[in-house]
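Asker: Structure incoming, see below.
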Amino acid sequence: MRIGLLGVGTVGQAVARALIERRDVLSRAAGANLVLQRAAVRDLSRPRPLAREQLSTDPFAIVRADDVDLVIELLGGEEPARALIAAALERGRPVITANKRVLAWHGPQLLAIASTRGAELRYEAAVGGGIPLIAPLTDDLAANRVTELHAIINGTCNYILTRMAQGETLEEALAKAQEAGYAEADPRDDVEGVDAADKLCVLVRLAFNAQCTPAQIFKQGIRALDPRDLSYGRELGYVLKLLAIARRSPGGGVEARVHPAFLPADHPLARVDGAQNAVHVVGDLCGPVMFSGLGAGGDATASAVLADLVHVARRLALGDPVPPQRESGPEAQVTPMSEVRTRCFFRLAVDDVPGVFAQITRVLADHQIGLASVIQREPGRLGSAEVVLLTYAAPEQALANAEEELAKLPSTRAIKARIRVEGQK
């Protein structure tokens, strides 16, 4: 089994190293001799685990090479990765990828090419890094009707929020995430929820058998969060996480959203800290199931890539046909965010005058929003009191309208935060 590797960055180096150092172990598991035949790199001058004649700066040359049986795409980004995967599949070659962006936007089209050409496209490493997740959702939970899914699938944000829970500002925590190698120099895709939305799109297709694109997924990042909110949440018995959430809605559609949310401190996901990832799935037969582990890093992601490689090589060694592609479900009716029902955490700065709390509760009552808990702090040196409200579940539109009206009250100096709350304590 001659392998063409596209990209020898952090993950690519870990894959190449394992194919060389663990070749005997992997080949025995695969039932075929696994050979790293060629690799596409950006810079030929850097030291690589391959001879110079095996390297190329043209990834399309690797895809077209007659001595490559299987392609591993680890370039990242949308293009040319999408075109390279499509070209390899058109030639009937199996492809293994960790590219969540390409799969989120072009997955169904690429799987259709693979089906037509009798090739196989596998992507265990695209969501959750080293966590076995795609295969369990595809096979092990196939008998279940998944009702809901909550996931922590961005290690950068989880690391930042873990440090913010200890009192650091977002800027301080982000700088440490960059120092530790968990965050890119440009962290926007992570902190703005783009990366998590791409991954959630892939999970929605698998867990709910419904088609969607990241454009349909509501996303809100973590930039506006303040350590004070995490402290108040802890006082109320909650932990703040950036969650990717999907669930079947009463009207027959699917909720799909990415945003910060408070979770009860005893929820399994509340204990997932640092750069760890986890996915909590509820099936109608299996009940709640959680998958957790390292969601990023070269070695962890390489583990998932190599698992796919062993699967494909073993199938080819046995002469088994490509497993039939699971039929794609209909395009998902993604529930508009305005119709989603959530609980909510408000933090307000208000004037310390009589009747303030009555004004606040009247606004909530006008929008049929029930009040579950209240924390009120005495005025600080700036003369404003701080009020924290925890509501019962209400439609998102009602909560947004209430926020707008609360901001207009004569005694309100500022709405400092509005954060959604998931689960029951």
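Asker: If the elastic network links every pair of Cα atoms under 10 Å, which of ALA304, ALA313, ALA196 fluctuates the most in the Gaussian network model of the chain?
Answerer: Taking springs between Cα atoms under 10 Å, the residue moving most is ALA313.
Asker: What is the spin-label model distance, in nm, from ALA112 to CYS286 if the labels are put 7 Å beyond Cα along the C-beta direction?
Answerer: 3.0 nm
Asker: Using the Cα centre as the reference, give the magnitude of the dipole from point charges on the C-beta atoms of the chain (Lys, Arg: +1; Asp, Glu: -1; all else neutral), rounded to the nearest 20 debye.
Answerer: On the way: 48 positive and 51 negative charges, 87 e Å.
Dipole of the chain, to the nearest 20 debye: 420 debye.
Asker: Give the calculated FRET efficiency between ILE415 and ARG2 to the nearest 0.05, with a Förster radius of 60 Å applied to their Cβ-Cβ distance.
Answerer: Numbers: r = 60 Å, r/R0 = 1.00.
The value I calculate is 0.50.
Asker: Given the options ILE134, ILE153, ALA185, identify the residue whose Cα lies farthest towards the positive end of the charge dipole of the chain (+1 on Cβ of Lys, Arg; -1 on Cβ of Asp, Glu).
Answerer: Positive-most Cα among the choices belongs to ILE134.
Asker: Pull out the extension gain between ALA265 and ARG23, defined as 0.36 nm times the separation in residues minus the alpha carbon to alpha carbon distance; nm, one decimal.
Answerer: 82.7 nm
Asker: Tell me which of ALA414, ILE360, ASN401 sits at the most positive position along the dipole axis of segment 337-421, charges placed on C-beta atoms (Lys, Arg +1; Asp, Glu -1).
Answerer: Among ALA414, ILE360, ASN401, the one farthest towards the positive end of the dipole of segment 337-421 is ALA414.
Asker: Modelling each spin label as a point 7 Å along the Cα-to-Cβ direction, I'd like the THR138/ASP186 distance in nm, to one decimal.
Answerer: Simple spin-label model gives 3.2 nm for this pair.
Asker: Subtract the Cα-Cα distance of GLN368 and GLN178 from 0.36 nm times their separation in residues, and report this length gain in nm to one decimal. Don't skip to the answer; put the middle values down first.
Answerer: Values: separation 190, 0.36 × 190 = 68.40 nm, distance 4.38 nm.
Fully extending the segment from GLN368 to GLN178 adds 64.0 nm.
Asker: So how tilted is helix 396-408 from the main axis of the chain? Cα-based, degrees 0 to 90, rounded to 10.
Answerer: 50 degrees
Asker: Comparing ALA104, ALA143, ALA125, which has the greatest mean-square fluctuation in the GNM of the chain with Cα pairs linked when under 10 Å apart?
Answerer: Largest GNM mean-square fluctuation: ALA143.
Asker: Quick one: order PHE262, PHE357 by neighbouring beta-carbon count within 10 Å, fewest to most. Kindly include the intermediate steps, with their values, before the conclusion.
Answerer: Values: PHE262 28, PHE357 15.
Ascending Cβ contact count within 10 Å gives the list PHE357, PHE262.
Asker: Sticking with this one: What distance in nm separates the simple spin-label points at ALA215 and ARG326, each placed 7 Å from Cα in the Cβ direction?
Answerer: Label-label distance for ALA215 and ARG326, simple model: 2.5 nm.
Asker: Tell me, which longest segment in the chain has none of the GluC sites (Glu not before Pro) that fall in DSSP loops with at most 15 further Cβ atoms within 10 Å? Don't skip to the end; give the middle numbers.
Answerer: Values: sites that count: GLU78, GLU184, GLU327.
The segment 185-326 is the longest one with no such site.
Asker: List the trypsin sites (Lys or Arg not before Pro) within segment 208-262 that DSSP assigns to loop and that have no more than 14 neighbouring Cβ atoms inside 10 Å.
Answerer: Details: sites: LYS219, ARG223, ARG228, ARG234, LYS241, ARG247, ARG248, ARG257; in loops: ARG223.
Those that pass, being in a loop and sparsely packed, are ARG223.
Asker: May I pose another question? Please get the size of the charge dipole for segment 134-294, origin at its Cα centre, with Cβ charges of +1 on Lys and Arg and -1 on Asp and Glu, quoted in debye to the nearest 20. Display every interim value, and only then the final one.
Answerer: Working: 15 positive and 21 negative charges, 92 e Å.
In total the dipole reaches around 440 debye.
Asker: While we're here: Quick one: Karplus J couplings for segment 39-49, per residue in order, coefficients 6.51, -1.76, 1.60, θ = phi - 60°, nearest Hz, x for Gly and Pro?
Answerer: 8, 9, 9, 7, 10, 6, 7, 6, x, 9, x
Asker: Run the numbers on segment 134-294 and let me know its relative contact order in percent, using alpha-carbon pairs under 8 Å that are six or more apart. The partial results should precede the final answer.
Answerer: Details: 299 pairs, mean separation 53.7, N = 161.
RCO, segment 134-294: 33 percent.
Asker: Right, here's the next one. At 222 nm, what value in deg cm²/dmol follows for the chain if DSSP H runs of at least 4 each add -39500 (n - 2.57) and the sum is divided by all its residues, to the nearest 500? Write down the numbers at each step before the final one.
Answerer: Values: 13 runs with 148 residues, N = 425.
Value at 222 nm, helices only, nearest 500: -10500 deg cm²/dmol.
Asker: Amide H neighbours of ALA417 under 5 Å, at least 5 residues apart or on other chains, H built in the peptide plane: list them.
Answerer: Close amide H contacts, sequence-distant or interchain: ARG347.
Asker: Right, something else. Under 8 Å for C-alpha pairs, at least 6 residues apart: give me the relative contact order for the chain, rounded to a whole percent.
Answerer: Numbers: 887 pairs, mean separation 69.3, N = 425.
Answer for the chain is 16 percent.
Asker: Among ILE375, ILE72, ILE85, whose mean-square fluctuation peaks in a Gaussian network model of the chain (Cα, cutoff 10 Å)?
Answerer: Among ILE375, ILE72, ILE85, the largest GNM mean-square fluctuation belongs to ILE375.
Asker: List the residues, sorted by chain then number, that are 5 or more residues from PHE218 or on another chain and whose placed amide H is less than 5 Å from its amide H.
Answerer: ALA256, VAL258
Asker: Taking R0 as 30 Å, what's the FRET efficiency between GLN359 and SER231 from their Cβ-Cβ distance, rounded to 0.05? Present the calculation step by step, with values, prior to reporting the outcome.
Answerer: Values: r = 26 Å, r/R0 = 0.85.
E(calc), rounded to 0.05, equals 0.70.
Asker: I'd like the trypsin sites (Lys or Arg not before Pro) in segment 295-339 restricted to DSSP loop residues with at most 13 other Cβ atoms within 10 Å, sorted by number.
Answerer: Working: sites: ARG314, ARG315, ARG326; in loops: ARG326.
Counting only loop positions with at most 13 other Cβ atoms within 10 Å, the trypsin sites (Lys or Arg not before Pro) in segment 295-339 are ARG326.
Asker: Hey, another quick one. Find which of ALA29, PRO227, LEU371 sits farthest along the positive direction of the dipole of the chain, computed with +1 on the beta-carbon of Lys and Arg, -1 on that of Asp and Glu, about the Cα centre.
Answerer: So the residue furthest toward the plus end is ALA29.
Asker: Among DSSP beta bridges whose residues both lie in the chain, state the antiparallel percentage, nearest 5.
Answerer: Expressed as a percentage, antiparallel bridges in the chain total about 70.
Asker: Still on this structure: So which lysines pass the test for LYS199, namely a Cα distance under 18 Å, with those fewer than 8 places away in the same chain ruled out?
Answerer: Partners found: LYS100, LYS219, LYS241.
Only the coordinates and a few stated rules stand behind these numbers; no lab work does. These figures come from a predicted structure and were not determined experimentally. Cβ sites come from the backbone with ideal geometry, for glycine too, and all protein chains shown count toward neighbours.
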